[in-house]
1. In straight Cα distance, which lysines are under 24 Å from residue 237, not counting same-chain residues fewer than 8 positions off?
2. Sort 246, 86 by heavy-atom solvent-accessible area, probe 1.4 angstrom, most to least.
3. Please report Rg (one decimal) and Dmax (integer) in Å for the Cα set of the chain.
4. At most 12 other Cβ atoms within 10 Å and a DSSP loop assignment: could you name the chymotrypsin sites (Phe, Trp or Tyr not before Pro) in the stretch 148-198 that fit?
5. Give me a comma-separated list of calculated 3J(HN,Hα) values for the stretch 39-51, in order, Karplus coefficients 6.51, -1.76, 1.60 applied at θ = phi - 60°, integers in Hz, x for any Gly or Pro.
6. Build a GNM of the chain with springs between Cα atoms under 10 Å: which of 69, 105, 225 gets the top mean-square fluctuation?
7. Straight-line reach from residue 153: which lysines have Cα under 17 Å away, leaving out those fewer than 8 places along the same chain?
8. Averaged per residue, what accessible surface does the chain expose to a 1.4 Å probe, in Å²?
Amino acid sequence: MSKSSFVDFKAIKAAVTMEQVLDHYGFADRFKKTGDSLSGPCPIHGGSNPTQFRISISKNIWNCFSECKRGGNVLDFIARMEEVSIHAAALKAIEWFHLDPEAMKASSEDGQQRQGQTARGETARAPKPDPQEPTPKESNNAPNKPLKFRLEKLERNHPYLAERGLTLETVVDFGAGYCAKGMMVGRIAIPIHNPEGNVVAYAGRWPGEPTEDTPKYKLPPGFSKSLELFNIDRAIKEPGEKPLIIVEGFFAAMTLHQHGCRKVVALMGSTMSATQEELIRKHTNGESRVIVMLDEDDAGRAGREDIAARLSRFCFVKVHQFKEPGMQPEHLSAEDVRSFLNL
Ligand SMILES: [Zn+2]
């Protein structure tokens, strides 16, 4: 989209939530949700009071009651954060949240008026909402949309992947690789598929121990990992009588897969969201067996108890405990996995 193109601000405001924007900036953790509102320190003026900045989730607007003494919509927020015009903020939103540029394009006359804000008096008036029209879905409940692009030329034989014990065959099989350019530049990009097999995101693992200010994993803005299970698209194609193994991370899943345990999914964390639980419920029955194999650390131990309790309501659950603290599924040898699963 060229810089001068007309953008439908309204469509962008409907497509992007303040929560996604906070998430993009990495501020989501600092905010507390109470009912319909989120409050936290103001990201714009960089305050510290946890109630000075408030977001109405349903209205998708924000307000800083402290220094800024102002509020607005998502685009106003991005514009203030980036110190750019609303138009530039809109273009950023399209890029960050992978919005379809065509769908966000205003028809030329329409756009011209919006560009000029109030070319004629009546254009500033908001159209009456159509009661038949469904209200825009809250994005954090909306499914992750399939990506319209693929990261190209990923380096499959990057040394980090071998260091993690993955063979080239596994790396290719999972479509992972080092990304030299694009959104996951400098990271190992790992595609995440939905149950239908569409890529909904790439996760980016820093190849090695990152410095303090670099996160180990990067996920695209607007992507909710709690709505997906890594490798579910392939795990559900495996025979029903095989147990489904649930692990925390991408590398644990890829390692187990490499060792012949192909019916494996990763939570991408040590907790199971309601949506993930529902996904598992949908693809199991009262006869199904599930093995919960989280890392042998505090988070893993806490997570697995909760997960086992919830899953045992609809299938047979076994919790795998490692002998040594700190152990992870990745540490299992092919032999261990074989004997463990009686393959
Ligand atoms: Zn402020």
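1. List returned: 145, 225, 263, 282, 318.
2. 86, 246
3. Looking at the chain, its Cα Rg and Dmax stand at 22.8, 75 Å.
4. Answer in residue order: 149.
5. Here the 3J(HN,Hα) series is 10, x, x, 6, x, 6, 8, x, x, 10, 5, x, 10 Hz.
6. Among 69, 105, 225, the largest mean-square fluctuation in the Gaussian network model of the chain belongs to 69.
7. Within the straight-line cut-off, residue 153 pairs with 181.
8. 54
The values are calculated or read from the model by the stated rules, or taken from the named source; none is laboratory data. Computed from a predicted structure; not experimentally measured. Note that each Cβ is placed from the backbone with ideal geometry, even for glycine, and that neighbours are counted across all protein chains shown. Ligands, DNA and RNA are stripped out before the accessible areas are found, and what is left, the full protein with its side chains, is counted by its heavy atoms. Shrake-Rupley method; radii C 1.70, N 1.55, O 1.52, S 1.80 Å.
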